[in-house]
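The values are calculated or read from the model by the stated rules, or taken from the named source; none is laboratory data. This structure is a prediction, so every number in the text was calculated from the model and none was measured. Note that we place each Cβ from the backbone using ideal geometry, even for glycine, and neighbour counts take in every protein chain shown.
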């Protein structure tokens, strides 16, 4: 059986304990060998002011340095241009030809999967791990015609009667995971810095220190 690698992409602007706790949870549940954190250079779905890619990469490095199962990858930064997930997965398949890739994303993002570049190819190229979000319901997945799943099973996830549901449709594999809600967001952290409020206990101390040192988000 191939070893499993999780891929968690994003702007990480900044990375915080919510990202780390979710990755740790999924790593345990799915018995992943490791989780690759992949900071985007130019995200296609977000337009926001942010520190340079090098600085966001450094924040991730500082956040995960003491977790042997977490690694950071600069492949999107080195590749240049807009950071399309389908290109990243193609490249990771070349780097890890014998690994089973699990792409980790939030339910809110997955509900818009048909707006992603070459989304049908992407769905066939890796296992999608879709995490619960407080603002969305798993039952909304019934609107996606490429997913064949019973409404009662999605309802059980929404009502916390089940924690996981694996869906296989041909060569498409999706794992739905209900995880704890972490009331931490990168947007809130940036706003707190801008208004002079403390961000302690929302993200690793090493990341907090880097933000203060570099005067980000002020």
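So residue 22 ticks every box in (1) outside any loop (DSSP other than H, G, I, E, B); (2) within 26 Å of residue 183 (Cβ to Cβ); (3) in contact with a helix residue (DSSP H, G or I) (Cβ under 9 Å, 6 or more places away or on another chain) but one. Which box is left unticked?
Residue 22 satisfies every listed condition except (3).
If a residue counts only when it is at negative phi and either without any contact (Cβ under 8 Å) to a residue 12 or more places away in the chain or surrounded by fewer than 15 Cβ atoms within 10 Å (Cβ to Cβ) (or both), which strands (runs of 3 or more DSSP E) contained entirely in the range 110-218 have at least 1 such residues?
Fully inside the range 110-218 and qualifying: 164-169.
Taking residue 3 as meeting all but one of (1) touching a strand residue (DSSP E or B) at 6+ places or on another chain (Cβ under 6 Å); (2) touching a residue at least 60 places away in the same chain (Cβ under 8 Å), write down the number of the exception.
(1)
Return the residues of the range 14-56 that are surrounded by fewer than 21 Cβ atoms within 10 Å (Cβ to Cβ), within 15 Å of the chain's Cα centre (by Cα) and free of Cβ contacts under 8 Å to residues at least 40 places away in the same chain; say none if nothing qualifies.
Residues satisfying the conditions are 34, 46.
For the range 64-98, enumerate the residues that are exposed (fewer than 15 other Cβ atoms within 10 Å of the Cβ), within 22 Å of residue 124 (Cα to Cα) and touching a residue at least 40 places away in the same chain (Cβ under 8 Å).
82, 98
Among the residues of the range 169-203, what is the count of those that are modelled with pLDDT under 95, out of contact with any helix residue (DSSP H, G or I) (no Cβ under 6 Å at 6 or more places or on another chain) and more than 18 Å from residue 109 (Cβ to Cβ)?
4
Within the range 99-109, is there a residue that is at pLDDT 95 or above and surrounded by fewer than 15 Cβ atoms within 10 Å (Cβ to Cβ)?
No; the residues of the range 99-109 include none that is at pLDDT 95 or above and surrounded by fewer than 15 Cβ atoms within 10 Å (Cβ to Cβ).
Which number in (1) under 16 Å from residue 112 (Cβ atoms); (2) modelled with pLDDT of 95 or more marks the one condition that residue 158 misses?
(1)
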